[in-house]
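Have a look at the structure below, then the notes.
The values are calculated or read from the model by the stated rules, or taken from the named source; none is laboratory data. It should be emphasised that the depicted structure is a prediction, and the values quoted were computed from it without experimental measurement. No Cβ is skipped: glycine too gets one built from the backbone with ideal geometry, and neighbour counts run over all protein chains shown.
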Amino acid sequence: MPTNLTVEAKKKWNEASLARRPPEKLQKLQEFLSLIPKHKGTSRLCAQVKRQIATLRREIRESRTRKVGRGGSKFFIEKEGAAQLVILGPTKVGRSSLLVSITNAKAEVSDYPYTTQEPVPGMLQHEDLQFQLVEAPAMVKGAADGEAWGLQTLGLARNADGLILVVDLSQNPREQLSLILGELEKARIVTQKPKARVEIEKKHVGVGLRIVVFGRLVDCAMRDVEALLSGYGIRDAVVKIHGEAKLDDVEDAIFESAIYRPAIIVANKADRVEATRNLNELMAFTGNKYPVLGVSCRILFGLDKLGDEIFKALDIMRVYTKEPSKKKPSPKPFILKKGSTTAVLARLIHTDFYRSFSYARVWAERLRFSPQKVGASFVLKDKDIVELHAN
Ligand SMILES: Nc1nc2c(ncn2[C@@H]2O[C@H](COP(=O)(O)OP(=O)(O)O)[C@@H](O)[C@H]2O)c(=O)[nH]1
Ligand SMILES: [Mg+2]
């Protein structure tokens, strides 16, 4: 639904998005909110801006108390390994138990609620890859509105590559899952793959607007996208449109509203007597929207499948590079999004490599003969071995 904002409102939004200092940003957002016409098409935007305002207020307040307190937030966990996944769930479902069962981490498993108050990382080995799992504090009702450690927890989720949603099979799984998904949705984190993905990368003044459509514009033309962007004062940016995109998706991207994080549901305590019934209920509730793994951290059941599910959910692949002078590829793979080309690999290795790319040789079982000489647009697959040649 279009928001039909006035020129003045759009200008104000642009000012708010450019503001760097939190108090200034807060001021601009409040002014922006008052300029949004209130109708059906703007209700979601209003809710989102209100939440942003609430978050900023809290941040400002907390940074004031931190200055006198112990300083530094422990809530940001530096990424390690192939991907970072945050373990979310209500208290006592077994988030710590999961972490200690499958990683090297030392988290405290306990019968007391809200034991985990700071994120705890651990590494999970999956074949020749490692995934970093981070246990977040318990998800509570109202997390998206700042209850308990809600905003920090949702911040962790936003920053991660994927989510592991843990529920307890000795209790109503539907309630637990609805709680988690509800808070994620309020924080504009979606767990279902959207039909379209729009990235807006703002550039220096004078660079101009470059719009690249990898998918298709469904309900609009290129000039509509240009008009929408320039209406918001976005004149210097690279805009990438993937999938089946509507003009609304582009407007959503301007407001940096929704982000997609793939999710896996881990249903724990499968050893309990009520577990089978609750697992069936959970499956009926989720349909085939999410991968669901029934596990028990107590008797170490079902956990060996998690690595594979994570790998699938992240939509990634491994590519091994080989130097022309060497016989064997490097043992450590590069991690790429599924469907990436040799050009993407070259750019990941080095921008210079990308610029001077000449051709590649690829070894793979699916090819009729290996190695095969390929160009920059060759689509790679998991476990391909690639030798890059530059000019
Ligand atoms: N029966 C059973 N209890 C479990 C299992 N996993 C964890 N628990 C228990 O559930 C409680 C909470 O576990 P914990 O990992 O601390 O949960 P967290 O609050 O989500 O981190 C502890 O008493 C654990 O012993 C399981 O697979 N089966
Ligand atoms: Mg815990």
Filter the stretch 1-31 down to the residues that are of a type in the set (S, T, N, Q) and in a loop (DSSP other than H, G, I, E, B), then identify the one that is modelled with the lowest pLDDT. THR3
Within the stretch 71-108, how many residues are modelled with pLDDT of 95 or more, within 20 Å of GLU183 (Cβ to Cβ), of a type in the set (Val, Ile, Thr) and more than 7 Å from ligand 1 (Cβ to nearest atom)? 2
Do we find a residue being at pLDDT 85 or above, under 24 Å from the mean Cα position of the chain (by Cα) and not assigned by TED's automatic domain parsing to the domain that holds LEU133 anywhere in the stretch 32-45? yes
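One line per residue, one yes/no per condition, for (1) under 19 Å from ALA258 (Cα atoms); (2) in contact with a helix residue (DSSP H, G or I) (Cβ under 8 Å, 6 or more places away or on another chain); (3) outside any loop (DSSP other than H, G, I, E, B); (4) at pLDDT 95 or above:
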residue	(1), (2), (3), (4)
LEU154	yes, yes, yes, no
ILE164	yes, yes, yes, yes
VAL167	no, yes, yes, yes
GLN171	no, yes, no, yes
SER178	yes, no, yes, yes
LEU181	yes, no, yes, yes
Applying the selection to the stretch 95-112, what residues are more than 23 Å from the chain's Cα centre (by Cα) and near ligand 2 (Cβ under 9 Å from one of its atoms)? SER97, ALA107, GLU108, VAL109, SER110
Hits in the stretch 117-138 (condition: more than 16 Å from LEU99 (Cα to Cα) and either free of Cβ contacts under 8 Å to residues at least 12 places away in the same chain or in a loop (DSSP other than H, G, I, E, B) (or both)): GLU127, ASP128
Checking VAL198 against (1) within 19 Å of LEU85 (Cβ to Cβ); (2) of a type outside the set (S, T, N, Q); (3) surrounded by 20 or more Cβ atoms within 10 Å (Cβ to Cβ), which test does it fail? (1)
What's the number of the condition ASN288 fails, among (1) farther than 20 Å from ASN172 by Cβ; (2) at pLDDT 95 or above; (3) in a loop (DSSP other than H, G, I, E, B)? (2)
In this structure, does LEU154 turn out to be within 16 Å of ligand 1 (Cβ to nearest atom) and under 20 Å from VAL167 (Cα atoms)? no
In the stretch 289-345, the residues that are among the aliphatic types (A, V, I, L, M) and farther than 30 Å from VAL93 by Cα: MET317, VAL319, ILE335, LEU336, ALA343, VAL344, LEU345
Which residues, taken from the stretch 109-128, are within 8 Å of ligand 1 (Cβ to nearest atom) and at positive phi? TYR114
